[in-house]
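Structure first, then comments.
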Amino acid sequence: MNQRLTFQTAVYLTIPPLLWAGNAVVGRMMAGIAPPITLNFLRWALAFIFLLPFAAWVLKRDSALWPNWKRFALLGLLGVGCYNALQYLALKTSTPVNVTLIAASMPVWMIGVGALFFGQRITTRQVLGALLSIAGVLVVLSRGDLAVLAAVHLVPGDLYVLLASLAWAFYSWLLTQSAKDPPSIRQDWAAFLMAQIVMGMAWSGLFAAGEWTLTDPQIVIGWPLAAALVYIAIGPAILAYRYWGLGVQRAGPNMAAFFSNLTPLFAAVMSAAFLSELPHVYHAVAFAMIVGGIVVSSRR
C-alpha cells in the first residue's frame, strides 16, 4: 500500500472532513425534526436514488455484487448502517463538545485496529503524529482554555461516538482490501458505493424499524428536513465517501485518520461563521498542530 502523501491525496482526504463538519451541524439542527436512526436511513435512501443513474446495473441479478454480498454487507453495516446513525444518536444525549472530543480519538483507533487485526506495524512517528494532531483538536474544543475540558462529563451518548469511531476504523481498513472486490465494481466508484448502500440500507432500515417499534419518535415533514436530506445525501454521503475511499486507498487508513481530525476544526469555523464570530488565535494554533501531526506521521 502506498503510504506517501501527495498534494492530490491530501485534497481527497480534506474534502470529507469539510463535508462531515457540515453534517454535524445539520445533524444538530435536525434533532427535533427527525429521529436520528430514521434520519440516517432517509439519508442513504436518497443517496441510493441519486446513484441509480450511474450504477443501477449493480442491482441486476447477474452483477458481481451478489456473489460477494458478505463483504459488502460488512462494509454496509459499518459505514452505512452504524457510523452516522450512532453519531446522530449521540447528539441526543451528549454535548457537541463531548461528541467531537471522543471522535478525535480516531487516529488512535485506526492505528490500533490496523495493528491488531490487519498486521500493520505501529511506528514512533505515527504515535507522535497522533498525539500532536489530537492536541490540536483539544485546543479547538477548549477554545484555548483547559478549564473547559476539565468540566466535560461523560454521558451514554459518548459511548455511541466511541462505537462509531471504532466502526469507522474497521470500515477504513476493509477499504484497503479492494483486491477482494470484483473488478467490475472496484473500478467504478459509483458501483462500489452503490454496492455498500444496497446492503447498508437493509441494516439501517432494520435499525430504523427498531427505533419506531421501541421508542415514540416524531418526524416533522417540511422544507427544512428536505433541504437537510439533500445536503447530507449528496455531500457527506456520496461525495465524502467517494473521496475518503480514494484517499484511504492511496495513503492508507493510518494517514487518513489524521485528516479526520480536521472535522472539529472545520466545525468550529462553521459555527463561528453562523454566529458571526471572528476566528480566534487558537484556531490558527490548532490548525498548525493538526497539520503538524499529519506531516510528522507522513515523513519517512
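The values are calculated or read from the model by the stated rules, or taken from the named source; none is laboratory data. Remember, predicted model here, so these are calculated numbers, not experimental data. When we count neighbours, we look across all protein chains shown, and the Cβ atoms used for this are built from the backbone with ideal geometry, even at glycine.
Would you call Leu265 under 30 Å from Arg71 (Cβ atoms) and modelled with pLDDT of 75 or more? Criteria not met by Leu265.
Assessment of the stretch 141-164 against the conditions (without any contact (Cβ under 8 Å) to a residue 12 or more places away in the chain and of a type in the set (Lys, Arg)) yields no matching residue. Among residues belonging to the stretch 274-300 that are part of a loop (DSSP other than H, G, I, E, B) and either over 24 Å from Phe7 (Cβ atoms) or under 21 Å from the mean Cα position of the chain (by Cα) (or both), point out the one that is modelled with the lowest pLDDT. By that ranking, first place goes to Leu275. A count restricted to the stretch 27-41 and to residues that are surrounded by fewer than 20 Cβ atoms within 10 Å (Cβ to Cβ), of a type in the set (A, V, I, L, M) and in a helix (DSSP H, G or I) stands at 1.
Pick out the one residue from Val99, Val127 that is closer than 30 Å to Val148 by Cβ, over 20 Å from the mean Cα position of the chain (by Cα) and modelled with pLDDT under 85. It would help to see each step written out before you state the result.
On the way: Val99 fails: over 20 Å from the mean Cα position of the chain (by Cα).
None of the others qualify; the one that does is Val127.
Just need a number here: residues in the stretch 59-85 that are of a type outside the set (D, E, K, R) and without any contact (Cβ under 8 Å) to a residue 12 or more places away in the chain. Before you say what the answer is, go through the steps one by one.
Taking the stretch 59-85 first, the residues of a type outside the set (D, E, K, R) are 59, 63-69, 72-85.
From what is left, the residues that are without any contact (Cβ under 8 Å) to a residue 12 or more places away in the chain are 66.
Qualifying residue count, the stretch 59-85: 1.
Residues in the stretch 184-196: is at least one free of Cβ contacts under 8 Å to residues at least 40 places away in the same chain, of a type in the set (Lys, Arg) and out of contact with any strand residue (DSSP E or B) (no Cβ under 8 Å at 6 or more places or on another chain)? Looking through the stretch 184-196, at least one residue is free of Cβ contacts under 8 Å to residues at least 40 places away in the same chain, of a type in the set (Lys, Arg) and out of contact with any strand residue (DSSP E or B) (no Cβ under 8 Å at 6 or more places or on another chain).
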